Amino acid sequence: MTEPLQKMEAASKLLELKNIDLSFGGVKAISNISFDVMEGEVRAIIGPNGAGKSSMLNVINGFYHPQQGEIWFDGKQRHSMKPYQIAYQGIARTFQNIALFKGMSVLDNIMTGRFTHMHKNMLWQALWKGPAEQEEIVNREFVEGIIDFLEIQAIRKTPVGRLPYGLQKRVELGRALAAQPKMLLLDEPMAGMNVEEKEDMCRFILDVNDTFGTTIVLIEHDMGVVMDIADRVVVLDYGRKIGDGTPDVVRNDQTVIDAYLGVSH
Amino acid sequence: MFYRESGDFKKTYKLDSQTFPIKFDRWRYYFVMLVAFIVVPMFLTDYSANAVMIPFLVWAIAALGLNILVGYCGQLSLGTGGFMAVGAYSTYKLMTSFPGMDMISVIMLSGLVTAVVGAFFGLPSLRIKGFYLAVVTLAAQFFLVWLLNKVPWFYNYSASGQISAPQRELFGIVVTGPHATPVAAYLFCLIFAVGLAWIARNLTRGRMGRSWMAIRDMDIAAEIIGVNPLMAKLSAFAVSSFFIGVSGALLFSVYLGAAEVTEAFSINVSFAVLFMVIIGGLGSIFGSFIGAAFMVLMPVLLKNILVGGLGWPTDLAAHFELIIVGGLILVFLIVEPHGLAQMARVLKEKLRLWPFPH
Ligand SMILES: Nc1ncnc2c1ncn2[C@@H]1O[C@H](COP(=O)(O)OP(=O)(O)OP(=O)(O)O)[C@@H](O)[C@H]1O
Ligand SMILES: [Mg+2]
């Protein structure tokens with residue numbers, strides 16, 4: 001249990017949110033929340049339904065623009081950016097409700113994740129032969145690496161719509177990984193999975209974190225999983241932050257127990 | 001027996017992304033090219049060129065263009081007729097203003113003009129989707145036809161309001177005007193159809209095509225992987241309109257020879273091309289060709305059978321044709337939204353692994 005602390009000391013802040021306020025009409029989804037994410041850590045966000053967890057990720061990747069507060073990423077303050085620009089900054093994510101491209105194969109879905117790494121213009125693409133094909137092959141090789149890593153070789157050419165839920169989640173992770181992000185946002189990556197699938201997914205997340213040093217922010221309801229894989233945990237309730245620290249600290253915090261753990265478990 | 005994937009494994013990614021991954025398909029492709037460029041011209045008559053082959057090629061190019069927009073990028077358009085008119089009138093203005101310009105450049109430039117116009121009318125697609133976008137493109141259709149009809153500069157102040165294509169040569173062979181032979185006109189269109197199909201194939205299998213399909217399937221997810229929705233949609237409108245503009249240019253200069261905008265490029269054209277795309281197969285290049293072939297051949301066949309064979313009156317046969325097209329659209333939308341191309345694919349899948357289906 002000293003390991004997470006060591007990790008933190010060595011690393012710098014990759015993301016810092018300061019006093020974020022977000023409301024929809026009269027509904028306050030996030031009130032005055034601040035927290036940071038260290039480079040290379042696995043940071044979990046937990047909290048009951050409607051606590052504002054997904055909204056937090058939407059703020060980080062630019063779908064929602066907070067009314068108040070500052071966002072610092074990679075040492076720079078961010079001023080209102082579009083989600084596609086944030087993708088170029090190195091943030092990738094998966095969704096709570098799977099958001100794959102239904103009409104495309106597994107391979108093509110993951111290839112779309114390479115979008116920010118491909119630069120040949122339209123004329124080269126129209127010609128295909130030469131630079132565009134070369135670029136396609138290089139990126140295809142990278143994607144094949146991800147397919148091997150996620151152990152989905154057999155379904156490479158299958159249209160994603162035909163896959164069972166658990167595999168779709170895995171493909172969505174693959175698409176996010178293909179972008180080689182600095183920071184990976186995962187919104188309930190294990191929801192609706194059986195124990196075996198959850199174990200696989202945990203293994204993938206930890207492997208990604210270990211092998212590529214990717215910083216991970218994940219939302220998860222399964223407390224066992226969170227305690228196992230997270231370095232630090234933020235606890236939200238009704239849009240407010242009620243706890244922040246290592247899993248051990250959070251687990252023993254009376255406010256957290258009352259608001260969340262006590263109620264739903 | 002020979003149509004099989006068994007034993008035909010791909011060793012490199014390059015081979016795997018080939019257009020025709022199975023040897024048999026590749027040979028069939030060479031065979032089709034051979035037939036199209038050499039055998040067909042040997043047997044081409046005035047009738048078969050004008051009733052079947054040339055319109056087939058011209059409409060196939062339009063269907064390819066619309067398929068890029070609707071089938072690949074998921075943006076519905078009813079402005080095809082108007083965009084074809086832009087291509088046709090650009091060609092007319094270029095041919096009459098620069099008599100020395102070669103026809104390949106004329107047609108390509110007309111495509112570019114149409115691409116710009118198309119991208120402009122695609123701008124609202126950033127904000128509006130589906131039905132409402134269809135209404136905007138419908139407005140584009142009526143506006144463009146109105147404009148080209150209203151401003152006499154576009155038809156060089158001709159008294160009839162018509163535009164007609166002067167005679168032009170390419171490598172010393174007459175390709176436009178009344179003295180063009182059917183073979184020359186056919187080959188001229190064929191070059192464009194084959195070239196543009198190749199470009200469509202390249203664009204749709206690469207980065208740009210994936211960005212279009214990503215927008216079509218789930219625009220939110222497309223954004224988080226870095227696709228700028230405006231760029232993706234506008235590029236789809238531009239490329240699609242380029243194809244449609246070329247088609248309009250060929251329809252006017254090579255096929256019709258003379259045109260009047262309210263007749264040749266009416267809303268009916270927009271619907272006809274949309275039907276080709278639906279019947280042939282949304283999101284399929286091959287489908288665009290079958291769709292065009294179907295819509296060109298069916299009236300010819302029906303006319304021969306009903307009027308020629310059974311002695312029906314012409315107008316009754318024409319109505320019957322409308323009923324058949326309408327019925328087929330319904331059937332395809334309900335039963336097989338991916339059209340004839342998908343039916344062919346399913347059949348192929350079955351043959352592909354035969355005799356070992358598992
Ligand atoms: N686009 C939106 N428009 C209006 N209200 C919203 C919107 N997005 C979120 N909210 C509201 O913000 C609050 C927090 O929602 P959020 O989805 O972030 O919760 P969550 O913690 O992810 O919950 P869950 O565990 O159910 O996924 C809820 O009250 C929700 O209704
Ligand atoms: Mg949520």
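In chain B, which whole DSSP H runs stretch at least 27 Å along their own axis (Cα) and average 0.0 or higher on the Kyte-Doolittle scale?
B:103-122, B:130-150, B:182-205, B:229-250, B:314-335
Which of the peptides B:82-91, A:56-65, B:34-43 is most tightly packed, and how do the rest follow, judged by the mean count of other Cβ atoms within 10 Å per residue?
Output ranking for B:82-91, A:56-65, B:34-43: B:82-91, A:56-65, B:34-43.
Counting every Cα pair in the protein assembly as shown, what percent are over 47 Å apart?
In whole percent, the long-distance tail amounts to 27.
What angle do you read, to the nearest 10 degrees and between 0 and 90, between the alpha-carbon axis of helix A:131-149 and the longest principal axis of chain A?
Between the helix axis and the principal axis of chain A, the angle is about 50 degrees.
Any idea how far the Cα center of the stretch A:113-138 sits from the one of the stretch B:303-325, in Å?
The stretch A:113-138 and the stretch B:303-325 have Cα centres separated by 50 Å.
Beyond a 31 Å Cα-Cα separation, which of these cross-linked pairs lie in this structure: B:Lys93/B:Lys233; A:Lys76/A:Lys120; A:Lys157/A:Lys182; A:Lys241/B:Lys129; A:Lys169/B:Lys233?
A:Lys241/B:Lys129
GNM on chain A, C-alpha springs below 10 Å: top fluctuator among A:Gly239, A:Gly25, A:Gly166?
Per the Cα network of chain A with a 10 Å cutoff, A:Gly25 tops the list.
From the C-alpha coordinates alone, can you work out the Kirkwood hydrodynamic radius of chain B, in Å?
Result for chain B stands at 21.4 Å.
Counting only other chains, what is the mean number of Cβ atoms within 10 angstrom of the Cβ of each residue in peptide A:173-183?
1
Classify the stretch B:41-117 as rounded, prolate or oblate from the Cα gyration tensor: take a ≥ b ≥ c as the square roots of its eigenvalues, call it rounded if a/c is under 1.5, otherwise prolate when a/b beats b/c and oblate if not.
Cα axes put the stretch B:41-117 in the oblate bin.
At what distance in nm do the modelled label points of B:Leu316 and B:Leu351 sit from each other, each positioned 7 Å from its Cα along Cα→Cβ?
3.9 nm
What does the helix-only formula give at 222 nm for chain A: each DSSP H stretch with n ≥ 4 adding -39500 (n - 2.57), the total divided by the residues, and the result rounded to the nearest 500 deg cm²/dmol?
Helix contribution divided over all residues of chain A: -11000 deg cm²/dmol.
Once you've got the GNM for chain A with C-alpha springs shorter than 10 Å, pick whichever of A:Met81, A:Met190, A:Met122 has the biggest mean-square fluctuation.
So, out of A:Met81, A:Met190, A:Met122, the one fluctuating most is A:Met122.
Once the Cβ-Cβ distance between A:Thr211 and A:Ser12 is put in as r, and R0 is 25 Å, what FRET efficiency do you end up with, to the nearest 0.05?
After rounding to 0.05, the efficiency reads 0.80.
Measure out, as a whole number of angstrom, how far apart the alpha-carbon centroids of the stretch B:184-209 and the stretch A:53-76 sit.
Computed from Cα coordinates, the inter-centre distance equals 44 Å.
Take A:Lys82 and A:Val249, extend 7 Å from each Cα along the Cα→Cβ direction, and tell me the distance between the two endpoints in nm.
Roughly 4.0 nm, to one decimal.
Quick one: grab the alpha carbon gyration tensor of the stretch A:75-129, order the square roots of its eigenvalues as a ≥ b ≥ c, and give me rounded if a/c is under 1.5, else prolate or oblate depending on whether a/b is larger than b/c.
Because a/c hits 1.5 or more and a/b fails to exceed b/c, the stretch A:75-129 counts as oblate.
I need to check one value: relative contact order of chain B, counting alpha carbon pairs closer than 8 Å and at least 6 residues apart, in percent.
Contact order relative to length: 29 percent.
Between 0 and 90 degrees, rounded to the nearest ten: what's the tilt of helix A:165-178 against the longest Cα principal axis of chain A?
Around 80 degrees separate the two axes.
Among B:171-177, A:27-33, what's the highest-first ranking by average C-beta atoms within 10 angstrom per residue?
In decreasing order of mean packing, B:171-177, A:27-33 become A:27-33, B:171-177.
Among A:Lys129, A:Lys13, A:Lys198, which one moves the most in a GNM of chain A with springs linking Cα atoms closer than 10 Å?
A:Lys129
FYI, it's all coordinate maths here, none of it is from the lab. Because the structure is predicted, anything quoted here is derived from the model rather than measured. FYI the Cβ positions are ideal-geometry reconstructions off the backbone, even for glycines, and counts take in every protein chain you see.
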